[in-house]
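Asker: What follows is a single structure, and I will ask about it in a moment.
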Amino acid sequence: MVILDGKKASQAIKNQLKQQVLSLGSDKKPHLAAILVGNDGASETYVASKVRSCEEVGFESTLVRLDNDVSESTLLQAIETLNADDSVDGILVQLPLPKHIREQRVIESIDAEKDVDGFHPVNAGKLVQGLPSFIPATPYGIMLMLAHFNIDTKGKHAVVIGRSNIVGRPMSILLSSNHPQGNCTVTICHSHTKNLEDICARADIIVAALGRPGFVTNNMVKDGAVVIDVGITRVEDSAAPKGYRIKGDVAYEEVAPKTSAITPVPGGVGLMTIAGLLKNTMQAHLNRTQITVDR
Ligand code: NAD
(Lines give C-alpha, C1' and ligand atoms only; values in the text may rest on other atoms or scores of the structure.)
Protein backbone atom coordinates (compact mmCIF):
# COMPACT_ATOMS: atom_id res chain seq x y z
CA MET A 1 0.00 0.00 0.00
CA VAL A 2 1.30 3.42 -1.00
CA ILE A 3 0.56 6.44 1.16
CA LEU A 4 -0.18 9.30 -1.20
CA ASP A 5 1.84 11.86 0.69
CA GLY A 6 0.51 15.33 -0.05
CA LYS A 7 3.51 16.91 1.57
CA LYS A 8 5.91 15.29 -0.89
CA ALA A 9 3.74 15.85 -3.96
CA SER A 10 2.93 19.47 -3.11
CA GLN A 11 6.57 20.22 -2.32
CA ALA A 12 7.58 18.97 -5.76
CA ILE A 13 5.05 21.34 -7.34
CA LYS A 14 6.15 24.23 -5.15
CA ASN A 15 9.76 23.62 -6.15
CA GLN A 16 8.79 23.79 -9.84
CA LEU A 17 6.86 26.99 -9.24
CA LYS A 18 9.81 28.55 -7.38
CA GLN A 19 12.00 27.92 -10.41
CA GLN A 20 9.34 29.29 -12.71
CA VAL A 21 9.10 32.50 -10.65
CA LEU A 22 12.85 32.95 -10.83
CA SER A 23 12.77 32.53 -14.60
CA LEU A 24 10.13 35.30 -14.85
CA GLY A 25 12.60 37.92 -13.60
CA SER A 26 12.59 39.80 -10.31
CA ASP A 27 10.01 42.46 -11.21
CA LYS A 28 7.41 39.97 -12.46
CA LYS A 29 5.80 37.91 -9.75
CA PRO A 30 2.38 36.24 -9.67
CA HIS A 31 0.18 38.06 -7.18
CA LEU A 32 -2.64 36.42 -5.24
CA ALA A 33 -5.16 38.50 -3.29
CA ALA A 34 -7.24 36.71 -0.66
CA ILE A 35 -10.31 38.12 1.06
CA LEU A 36 -11.16 36.80 4.50
CA VAL A 37 -14.48 37.77 6.05
CA GLY A 38 -14.76 37.36 9.82
CA ASN A 39 -12.50 35.29 12.03
CA ASP A 40 -13.66 31.69 11.76
CA GLY A 41 -10.80 29.53 13.06
CA ALA A 42 -10.69 27.07 10.17
CA SER A 43 -10.90 29.84 7.53
CA GLU A 44 -8.11 31.76 9.29
CA THR A 45 -5.92 28.64 9.16
CA TYR A 46 -6.63 27.97 5.47
CA VAL A 47 -5.98 31.55 4.40
CA ALA A 48 -2.81 31.80 6.49
CA SER A 49 -1.47 28.66 4.89
CA LYS A 50 -2.32 29.94 1.38
CA VAL A 51 -0.52 33.23 2.07
CA ARG A 52 2.48 31.38 3.56
CA SER A 53 2.67 29.11 0.52
CA CYS A 54 2.68 32.15 -1.78
CA GLU A 55 5.67 33.52 0.09
CA GLU A 56 7.39 30.14 -0.06
CA VAL A 57 7.29 30.03 -3.87
CA GLY A 58 8.08 33.73 -4.32
CA PHE A 59 4.59 34.98 -5.23
CA GLU A 60 3.25 38.25 -3.92
CA SER A 61 0.19 38.05 -1.76
CA THR A 62 -2.32 40.48 -0.30
CA LEU A 63 -4.73 39.62 2.47
CA VAL A 64 -7.86 41.76 2.71
CA ARG A 65 -9.63 41.26 6.04
CA LEU A 66 -13.25 42.29 6.49
CA ASP A 67 -15.42 42.15 9.58
CA ASN A 68 -17.97 39.38 9.98
CA ASP A 69 -20.81 41.90 9.72
CA VAL A 70 -19.48 43.56 6.56
CA SER A 71 -22.27 44.33 4.09
CA GLU A 72 -22.50 42.43 0.83
CA SER A 73 -22.04 45.66 -1.12
CA THR A 74 -18.80 46.50 0.74
CA LEU A 75 -17.48 43.03 -0.02
CA LEU A 76 -18.47 43.38 -3.69
CA GLN A 77 -16.70 46.75 -3.76
CA ALA A 78 -13.53 45.18 -2.36
CA ILE A 79 -13.67 42.55 -5.11
CA GLU A 80 -14.25 45.23 -7.73
CA THR A 81 -11.13 47.06 -6.52
CA LEU A 82 -9.06 43.87 -6.89
CA ASN A 83 -10.64 43.14 -10.30
CA ALA A 84 -9.50 46.57 -11.47
CA ASP A 85 -6.02 46.33 -9.90
CA ASP A 86 -3.64 45.44 -12.70
CA SER A 87 -1.01 44.17 -10.26
CA VAL A 88 -3.34 41.42 -8.98
CA ASP A 89 -3.39 38.16 -10.97
CA GLY A 90 -5.61 35.99 -8.81
CA ILE A 91 -8.46 36.64 -6.36
CA LEU A 92 -9.98 34.27 -3.86
CA VAL A 93 -12.71 34.84 -1.34
CA GLN A 94 -12.44 32.31 1.47
CA LEU A 95 -15.68 30.35 1.89
CA PRO A 96 -17.97 29.92 3.71
CA LEU A 97 -19.27 33.48 3.99
CA PRO A 98 -21.57 34.79 6.73
CA LYS A 99 -25.21 33.93 6.08
CA HIS A 100 -26.27 37.50 5.20
CA ILE A 101 -23.99 37.46 2.13
CA ARG A 102 -25.08 35.71 -1.07
CA GLU A 103 -22.18 33.41 -1.91
CA GLN A 104 -23.14 32.95 -5.56
CA ARG A 105 -23.33 36.71 -6.07
CA VAL A 106 -19.81 37.04 -4.66
CA ILE A 107 -18.44 34.20 -6.80
CA GLU A 108 -19.92 35.76 -9.94
CA SER A 109 -18.46 39.18 -9.13
CA ILE A 110 -14.87 37.95 -9.40
CA ASP A 111 -13.32 38.59 -12.81
CA ALA A 112 -13.30 35.11 -14.42
CA GLU A 113 -9.74 35.81 -15.64
CA LYS A 114 -8.63 36.19 -12.00
CA ASP A 115 -10.86 33.45 -10.56
CA VAL A 116 -8.05 31.17 -9.36
CA ASP A 117 -10.48 29.15 -7.22
CA GLY A 118 -12.28 28.22 -10.44
CA PHE A 119 -15.77 28.69 -8.97
CA HIS A 120 -17.07 31.28 -11.47
CA PRO A 121 -19.72 29.82 -13.82
CA VAL A 122 -17.57 30.80 -16.82
CA ASN A 123 -14.74 28.61 -15.56
CA ALA A 124 -17.12 25.84 -14.51
CA GLY A 125 -18.65 25.87 -18.01
CA LYS A 126 -15.25 25.78 -19.68
CA LEU A 127 -14.25 22.83 -17.51
CA VAL A 128 -17.34 20.91 -18.61
CA GLN A 129 -16.46 21.56 -22.26
CA GLY A 130 -12.81 20.62 -21.78
CA LEU A 131 -11.61 24.15 -22.54
CA PRO A 132 -8.64 25.74 -20.73
CA SER A 133 -9.96 27.14 -17.46
CA PHE A 134 -9.16 27.57 -13.81
CA ILE A 135 -9.94 24.19 -12.28
CA PRO A 136 -11.23 24.31 -8.68
CA ALA A 137 -8.14 23.89 -6.54
CA THR A 138 -9.10 20.70 -4.69
CA PRO A 139 -9.98 18.52 -7.70
CA TYR A 140 -7.05 20.06 -9.56
CA GLY A 141 -4.76 19.16 -6.65
CA ILE A 142 -6.10 15.59 -6.69
CA MET A 143 -5.33 15.29 -10.42
CA LEU A 144 -1.81 16.59 -9.73
CA MET A 145 -1.44 14.03 -6.96
CA LEU A 146 -2.60 11.16 -9.21
CA ALA A 147 -0.02 12.31 -11.76
CA HIS A 148 2.74 12.63 -9.17
CA PHE A 149 2.24 9.06 -7.96
CA ASN A 150 1.61 7.65 -11.46
CA ILE A 151 -1.80 6.28 -10.54
CA ASP A 152 -3.30 4.51 -13.53
CA THR A 153 -6.85 5.78 -14.08
CA LYS A 154 -7.60 4.80 -17.68
CA GLY A 155 -10.69 2.61 -17.95
CA LYS A 156 -11.07 2.39 -14.16
CA HIS A 157 -14.36 2.71 -12.32
CA ALA A 158 -14.17 5.82 -10.15
CA VAL A 159 -16.79 6.59 -7.53
CA VAL A 160 -17.01 10.17 -6.33
CA ILE A 161 -19.02 10.69 -3.14
CA GLY A 162 -20.34 14.27 -3.02
CA ARG A 163 -21.59 16.55 -5.79
CA SER A 164 -20.62 20.04 -4.60
CA ASN A 165 -19.51 22.64 -7.13
CA ILE A 166 -16.14 22.95 -5.44
CA VAL A 167 -15.16 19.29 -5.09
CA GLY A 168 -17.40 16.40 -6.14
CA ARG A 169 -18.88 17.63 -9.41
CA PRO A 170 -15.69 19.03 -10.96
CA MET A 171 -13.84 15.92 -9.74
CA SER A 172 -16.30 13.68 -11.58
CA ILE A 173 -15.87 15.72 -14.76
CA LEU A 174 -12.07 15.62 -14.57
CA LEU A 175 -11.92 11.88 -13.93
CA SER A 176 -14.20 11.20 -16.90
CA SER A 177 -12.33 13.57 -19.21
CA ASN A 178 -9.83 12.56 -21.87
CA HIS A 179 -6.83 13.41 -19.74
CA PRO A 180 -3.80 11.37 -18.63
CA GLN A 181 -5.32 11.15 -15.14
CA GLY A 182 -8.86 10.82 -16.49
CA ASN A 183 -10.58 8.37 -18.83
CA CYS A 184 -12.40 6.75 -15.91
CA THR A 185 -15.95 5.50 -15.93
CA VAL A 186 -17.40 7.67 -13.20
CA THR A 187 -20.27 7.17 -10.79
CA ILE A 188 -21.19 10.23 -8.76
CA CYS A 189 -22.96 9.60 -5.46
CA HIS A 190 -24.75 12.01 -3.15
CA SER A 191 -27.08 12.12 -0.18
CA HIS A 192 -29.95 10.50 -2.14
CA THR A 193 -27.89 7.67 -3.63
CA LYS A 194 -29.24 4.20 -2.89
CA ASN A 195 -26.94 1.22 -2.31
CA LEU A 196 -23.96 3.49 -1.87
CA GLU A 197 -22.04 0.77 -0.04
CA ASP A 198 -22.39 -1.66 -2.97
CA ILE A 199 -21.44 1.03 -5.50
CA CYS A 200 -18.29 1.89 -3.54
CA ALA A 201 -17.38 -1.76 -3.14
CA ARG A 202 -17.19 -2.03 -6.96
CA ALA A 203 -14.94 1.01 -7.34
CA ASP A 204 -11.31 0.95 -8.45
CA ILE A 205 -10.95 4.54 -7.24
CA ILE A 206 -12.98 6.22 -4.49
CA VAL A 207 -12.97 9.95 -3.92
CA ALA A 208 -14.74 10.72 -0.65
CA ALA A 209 -15.87 14.35 -0.42
CA LEU A 210 -18.93 14.52 1.79
CA GLY A 211 -17.71 15.89 5.12
CA ARG A 212 -18.72 12.98 7.34
CA PRO A 213 -15.82 11.70 9.42
CA GLY A 214 -15.06 8.00 8.99
CA PHE A 215 -17.97 7.46 6.54
CA VAL A 216 -16.09 5.12 4.18
CA THR A 217 -15.52 1.88 6.03
CA ASN A 218 -13.72 -1.35 5.36
CA ASN A 219 -16.73 -3.15 3.82
CA MET A 220 -17.15 -0.37 1.21
CA VAL A 221 -13.68 -0.74 -0.27
CA LYS A 222 -12.53 -3.46 -2.65
CA ASP A 223 -9.06 -4.97 -2.28
CA GLY A 224 -6.48 -2.89 -4.14
CA ALA A 225 -8.67 0.19 -4.59
CA VAL A 226 -7.21 3.70 -4.62
CA VAL A 227 -8.84 5.88 -1.95
CA ILE A 228 -8.71 9.67 -1.98
CA ASP A 229 -10.00 11.29 1.19
CA VAL A 230 -11.05 14.91 0.74
CA GLY A 231 -12.92 15.28 4.04
CA ILE A 232 -11.74 17.74 6.65
CA THR A 233 -13.85 17.87 9.78
CA ARG A 234 -12.81 19.24 13.15
CA VAL A 235 -13.84 16.69 15.74
CA GLU A 236 -13.68 17.70 19.40
CA ASP A 237 -11.01 15.84 21.34
CA SER A 238 -10.08 17.12 24.77
CA ALA A 239 -6.90 15.02 24.69
CA ALA A 240 -5.64 16.82 21.55
CA PRO A 241 -3.43 19.91 22.06
CA LYS A 242 -5.88 22.16 20.17
CA GLY A 243 -8.98 20.55 21.67
CA TYR A 244 -9.93 19.01 18.31
CA ARG A 245 -8.60 16.64 15.69
CA ILE A 246 -8.93 16.82 11.92
CA LYS A 247 -10.79 13.79 10.59
CA GLY A 248 -11.22 12.62 7.03
CA ASP A 249 -14.23 10.94 5.44
CA VAL A 250 -12.46 7.57 5.44
CA ALA A 251 -11.98 5.27 8.43
CA TYR A 252 -8.27 5.24 7.66
CA GLU A 253 -7.03 2.58 10.07
CA GLU A 254 -9.40 -0.13 8.84
CA VAL A 255 -9.48 0.90 5.16
CA ALA A 256 -5.79 1.60 4.46
CA PRO A 257 -4.58 -2.04 4.60
CA LYS A 258 -7.06 -3.03 1.85
CA THR A 259 -6.03 -0.29 -0.57
CA SER A 260 -3.25 -0.06 -3.13
CA ALA A 261 -2.94 3.67 -2.38
CA ILE A 262 -4.59 6.07 0.04
CA THR A 263 -4.30 9.70 1.09
CA PRO A 264 -3.83 10.50 4.78
CA VAL A 265 -5.77 13.23 6.60
CA PRO A 266 -4.13 15.54 7.42
CA GLY A 267 -1.18 15.54 5.03
CA GLY A 268 -3.00 14.52 1.85
CA VAL A 269 -5.49 16.39 -0.30
CA GLY A 270 -5.40 19.61 1.78
CA LEU A 271 -1.82 20.32 0.80
CA MET A 272 -2.56 19.48 -2.83
CA THR A 273 -5.40 22.02 -2.81
CA ILE A 274 -2.86 24.72 -2.09
CA ALA A 275 -0.62 23.39 -4.87
CA GLY A 276 -3.59 23.62 -7.26
CA LEU A 277 -4.30 27.17 -6.17
CA LEU A 278 -0.66 28.20 -6.68
CA LYS A 279 -0.62 26.61 -10.16
CA ASN A 280 -3.80 28.49 -11.05
CA THR A 281 -2.26 31.75 -9.83
CA MET A 282 0.83 31.18 -11.93
CA GLN A 283 -1.44 30.42 -14.92
CA ALA A 284 -3.43 33.62 -14.30
CA HIS A 285 -0.18 35.54 -14.31
CA LEU A 286 1.09 33.86 -17.47
CA ASN A 287 -2.21 34.37 -19.27
CA ARG A 288 -1.37 38.07 -19.44
CA THR A 289 1.55 37.15 -21.65
CA GLN A 290 -0.41 34.38 -23.41
CA ILE A 291 1.80 31.55 -22.19
CA THR A 292 0.20 28.21 -21.25
CA VAL A 293 1.59 25.79 -18.65
CA ASP A 294 1.16 22.04 -18.92
CA ARG A 295 -1.89 20.82 -17.01
P1 NAD B 1 -20.69 20.05 0.73
O2 NAD B 1 -21.35 20.00 2.05
O3 NAD B 1 -20.89 21.21 -0.16
O4 NAD B 1 -21.12 18.76 -0.10
C5 NAD B 1 -21.22 17.51 0.51
C6 NAD B 1 -21.74 16.54 -0.51
O7 NAD B 1 -21.79 15.26 0.10
C8 NAD B 1 -23.13 16.85 -1.02
O9 NAD B 1 -23.10 16.81 -2.43
C10 NAD B 1 -24.02 15.74 -0.45
O11 NAD B 1 -25.00 15.32 -1.38
C12 NAD B 1 -23.02 14.64 -0.20
N13 NAD B 1 -23.42 13.83 0.96
C14 NAD B 1 -23.71 14.27 2.20
N15 NAD B 1 -24.06 13.22 2.99
C16 NAD B 1 -23.99 12.11 2.22
C17 NAD B 1 -24.22 10.75 2.44
N18 NAD B 1 -24.60 10.28 3.63
N19 NAD B 1 -24.02 9.91 1.42
C20 NAD B 1 -23.61 10.35 0.21
N21 NAD B 1 -23.38 11.63 -0.07
C22 NAD B 1 -23.55 12.50 0.93
O23 NAD B 1 -19.14 19.77 1.04
P24 NAD B 1 -17.84 20.11 0.16
O25 NAD B 1 -17.59 21.55 0.19
O26 NAD B 1 -17.89 19.40 -1.14
O27 NAD B 1 -16.75 19.42 1.10
C28 NAD B 1 -16.78 18.04 1.40
C29 NAD B 1 -15.71 17.73 2.42
O30 NAD B 1 -14.44 18.05 1.87
C31 NAD B 1 -15.79 18.57 3.70
O32 NAD B 1 -15.30 17.79 4.78
C33 NAD B 1 -14.84 19.71 3.45
O34 NAD B 1 -14.32 20.26 4.65
C35 NAD B 1 -13.78 18.98 2.69
N36 NAD B 1 -12.95 19.85 1.82
C37 NAD B 1 -11.63 19.62 1.87
C38 NAD B 1 -10.80 20.34 1.05
C39 NAD B 1 -9.36 20.05 1.09
O40 NAD B 1 -8.58 20.86 0.66
N41 NAD B 1 -8.95 18.88 1.59
C42 NAD B 1 -11.32 21.31 0.20
C43 NAD B 1 -12.70 21.50 0.15
C44 NAD B 1 -13.52 20.74 0.96
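The values are calculated or read from the model by the stated rules, or taken from the named source; none is laboratory data. Everything numeric in this text was worked out from a predicted model, so none of it was measured. Here Cβ is always computed from backbone atoms with ideal geometry, including for glycine, and neighbour counts include all displayed protein chains. We work out accessible area using only protein heavy atoms, side chains counted, and drop any ligands, DNA or RNA first. Shrake-Rupley method; radii C 1.70, N 1.55, O 1.52, S 1.80 Å.
Asker: From Leu286, Leu278, Leu271, grab the single residue that is more than 14 Å from the chain's Cα centre (by Cα) and either assigned to a helix (DSSP H, G or I) or within 15 Å of the ligand (Cβ to nearest atom) (or both).
Answerer: Result of the check over Leu286, Leu278, Leu271: Leu286.
Asker: Examine region 194-205 for a residue that is assigned to a loop (DSSP other than H, G, I, E, B), on the phi > 0 side of the Ramachandran plot and at pLDDT 95 or above, and state whether such a residue exists.
Answerer: Looking through region 194-205, at least one residue is assigned to a loop (DSSP other than H, G, I, E, B), on the phi > 0 side of the Ramachandran plot and at pLDDT 95 or above.
Asker: Can you pull out every residue in region 210-247 that is of a type in the set (Lys, Arg), farther than 25 Å from Cys184 by Cα and either over 24 Å from the mean Cα position of the chain (by Cα) or more than 10 Å from the ligand (Cβ to nearest atom) (or both)?
Answerer: Lys242, Arg245
Asker: Out of all the residues in region 153-191, which are on the phi > 0 side of the Ramachandran plot, of a type in the set (Gly, Ala, Ser) and more than 9 Å from the ligand (Cβ to nearest atom)?
Answerer: Selection gives Gly155 alone.
Asker: While we're on this one: Please identify the pairs in which a residue from region 123-151 that is away from the ligand (no atom under 13 Å from the Cβ) has its Cβ atom under 8 Å from the Cβ atom of a residue that is charged (D, E, K, R) and assigned to a helix (DSSP H, G or I), counting only partners at least 6 apart or on another chain.
Answerer: These pairs meet every condition: Pro132/Lys126; Ser133/Lys126; His148/Lys8.
Asker: Within region 159-175, identify whether any single residue is touching a residue at least 24 places away in the same chain (Cβ under 8 Å) and over 19 Å from the mean Cα position of the chain (by Cα), and answer yes or no.
Answerer: Among the residues of region 159-175, not one is touching a residue at least 24 places away in the same chain (Cβ under 8 Å) and over 19 Å from the mean Cα position of the chain (by Cα), which makes the answer no.
Asker: Restricting to region 237-258, give me the number of residues that are farther than 12 Å from Ala208 by Cβ and either without any contact (Cβ under 8 Å) to a residue 40 or more places away in the chain or open to solvent by less than 50 Å² (accessible area, probe 1.4 Å) (or both).
Answerer: Total meeting the criteria: 13.
Asker: Give just the number: which of (1) under 19 Å from the mean Cα position of the chain (by Cα); (2) within 22 Å of Val269 (Cα to Cα) does Met1 not satisfy?
Answerer: The number of the failed condition is (1).
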